[in-house]
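Contents: one structure, followed by commentary.
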Ligand SMILES: Cc1cc2nc3c(=O)[nH]c(=O)nc-3n(C[C@H](O)[C@H](O)[C@H](O)COP(=O)(O)OP(=O)(O)OC[C@H]3O[C@@H](n4cnc5c(N)ncnc54)[C@H](O)[C@@H]3O)c2cc1C
């Protein structure tokens, strides 16, 4: 497929819901192009919790996040959907070509990508990690600074400083016990953690054993190293005392900031500040042939879970296909 071919459906966002929409559209013989701002498929699951277990997706009693999205990729791309990675959607215009009304999507890097309809599965929008307030912090990326834990093996035998007070920080302080050089240093700017009590209690128990060093209320003030990270300076914000801690890995798990960005400027009615309002019977927005599904789609009573988004993806894809072809919406079973 060439980039300027008109496809039936552009899917915006390659999380579990976008991949499900690609499956349902492909199953109905529709042509599909997926546009994704990250360099990888799998959305929030692959980006933020690939090594956590997920228990509530039907048919999978317990599955690692990355394994779940790998299966979504296998299923979603089986009919030949084209996936364009590393491009953030910017503008959406309606235009007329060869007597046909189509959509033209441009990104920060390219386009226009042409299609008869759109399914927006953009989650919370393009998201990026919340960062430490240390000047030039991004320069340490790839040199010891991590915003997510993708593979535990990366931290094998390394002295790790983990920053954060929520579940991710606590989960990885516990989760890297069998991988990192101990003790793992856990830094949080407040006295109290926001994480699950059982995780906090386990970290305190490990502190007594010398496997964790908990520093609260503390903040990382400086990063040192010649090339790669070698140490950080951490301030005790109660006393103002500064201390240097040697480490090879600085893992900051401070959550993500996300924004709908340009999508909010496409004339689509919003539900609150972060979601596109849809008719839950069809998943269509107020803009004709622009559908939404998953976390980004809003209606009264919405529950943002993978399994709900996958159902919405089926509704959106089947309605998009039916509208493009001028047919009634009908289920088509996949069994052969
Ligand atoms: C720590 C954590 C644990 C969770 N655990 C569970 C659980 O156990 N069970 C469960 O059901 N749910 C869980 N969730 C929620 C679940 O991950 C989301 O409901 C799910 O990922 C939503 O899928 P999605 O495809 O709608 O959006 P996302 O997974 O967010 O994917 C959206 C994709 O769209 C891309 N995108 C956004 N804007 C643009 C743009 N302008 N241009 C191009 N691409 C764009 C993003 O980069 C992203 O890859 C959890 C979430 C977190 C953070």
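Read-outs throughout are calculated quantities, based only on the coordinates presented, and are distinct from any laboratory measurement. No experiment lies behind these values; they were computed from the predicted model shown. Cβ sites come from the backbone with ideal geometry, for glycine too, and all protein chains shown count toward neighbours.
Roughly how many nanometres apart are two label points built 7 Å out from the Cα toward the Cβ at residue 156 and residue 274?
Label-label distance for residue 156 and residue 274, simple model: 3.7 nm.
Counting alpha carbon pairs within less than 8 Å and at least 6 residues apart, what relative contact order, in whole percent, applies to segment 131-252?
Relative contact order here is 31 percent.
Extending each Cα 7 Å along its Cβ direction at residue 96 and residue 135, get the distance between those two points in nm, one decimal.
Distance between label points: 5.8 nm.
Taking only C-alpha pairs under 8 Å that are 6+ residues apart, what is the relative contact order of the chain in percent? Walk me through the intermediate numbers first.
Values: 743 pairs, mean separation 64.2, N = 336.
Relative contact order, the chain: 19 percent.
Assuming 0.36 nm per residue, please report the length gained on full extension of the stretch residue 335 to residue 258 beyond their Cα-Cα distance. Don't skip to the answer; put the middle values down first.
Values: separation 77, 0.36 × 77 = 27.72 nm, distance 3.88 nm.
So the chain would gain 23.8 nm between residue 335 and residue 258.
For segment 286-336, count all C-alpha to C-alpha pairs, find those more than 19 Å apart, and express that count as a whole percent of the total. Mind showing how you got there, number by number?
Working: 436 of 1275 pairs.
It works out to 34 percent of all Cα pairs.
Could you tell me, in Å, what Rg and Dmax come out for the Cα atoms of segment 1-147?
In order Rg, Dmax, the Cα atoms of segment 1-147 give 17.1, 55 Å.
Using only Cα atoms and rounding to the nearest 10 degrees, what angle (0 to 90) does helix 306-325 make with the longest principal axis of the chain?
Its long axis makes an angle of about 20 degrees.
Quick one: order 128, 36, 197 by neighbouring beta-carbon count within 10 Å, fewest to most. Write down the numbers at each step before the final one.
Working: 128 13, 36 27, 197 9.
By the 10 Å Cβ count, ascending, the order reads 197, 128, 36.
For residue 58 and residue 281, FRET efficiency with R0 = 22 Å and r from the beta-carbon atoms, rounded to 0.05? Could you put the intermediate results ahead of the total?
Numbers: r = 22 Å, r/R0 = 1.00.
Efficiency, from the Cβ-Cβ distance: 0.50.
What value does the chain have for Rg/Rh, both radii from Cα atoms and Rh as Kirkwood defines it? Before the final figure, lay out each step's value.
Values: Rg = 22.6 Å, Rh = 21.6 Å.
The Rg/Rh ratio comes out at 1.04.
How large is the Kirkwood hydrodynamic radius of segment 81-131, counting all unique pairs of alpha carbons, in Å? Before the final figure, lay out the partial values.
Values: mean 1/r = 0.0796 Å⁻¹.
Kirkwood radius, segment 81-131: 12.6 Å.
With a ≥ b ≥ c taken as the square roots of the eigenvalues of the C-alpha gyration tensor of segment 131-252, please select rounded if a/c is under 1.5 and otherwise prolate if a/b is larger than b/c or oblate if it is not? List each step's numbers first, then the result.
On the way: a/c = 1.59, a/b = 1.16, b/c = 1.37.
In terms of gyration-tensor shape, oblate.
Taking just the alpha carbons, could you work out the radius of gyration and Dmax for segment 202-336, both in angstroms?
24.9, 71
Semi-axes, largest first, in whole Å: what does sqrt of 5 times each Cα gyration tensor eigenvalue give for segment 137-200? Write down the numbers at each step before the final one.
Numbers: eigenvalues 77, 44, 20 Å².
In descending order the semi-axes read 20, 15, 10 Å.
Which angle between 0 and 90 degrees, to the nearest 10, do you get for helix 65-76 versus the longest principal axis of the chain when only C-alpha atoms count?
Value to nearest ten degrees: 20.
I need 148, 257 ordered by Cβ neighbour count within 10 Å, fewest first. Don't skip to the end; give the middle numbers.
Numbers: 148 17, 257 12.
Taking fewest neighbouring Cβ atoms as first place, the list is 257, 148.
Between residue 211 and residue 238, what length comes free when the chain is fully extended (0.36 nm per residue of separation minus the Cα-Cα distance, one decimal in nm)? Mind dumping the intermediate values first?
On the way: separation 27, 0.36 × 27 = 9.72 nm, distance 2.42 nm.
This chain segment gains 7.3 nm when fully extended.
Quick check on the exposure proxy: order 262, 96, 115 from fewest to most C-beta atoms within 10 angstrom. Can you show the working numbers first?
Values: 262 17, 96 8, 115 26.
By the 10 Å Cβ count, ascending, the order reads 96, 262, 115.
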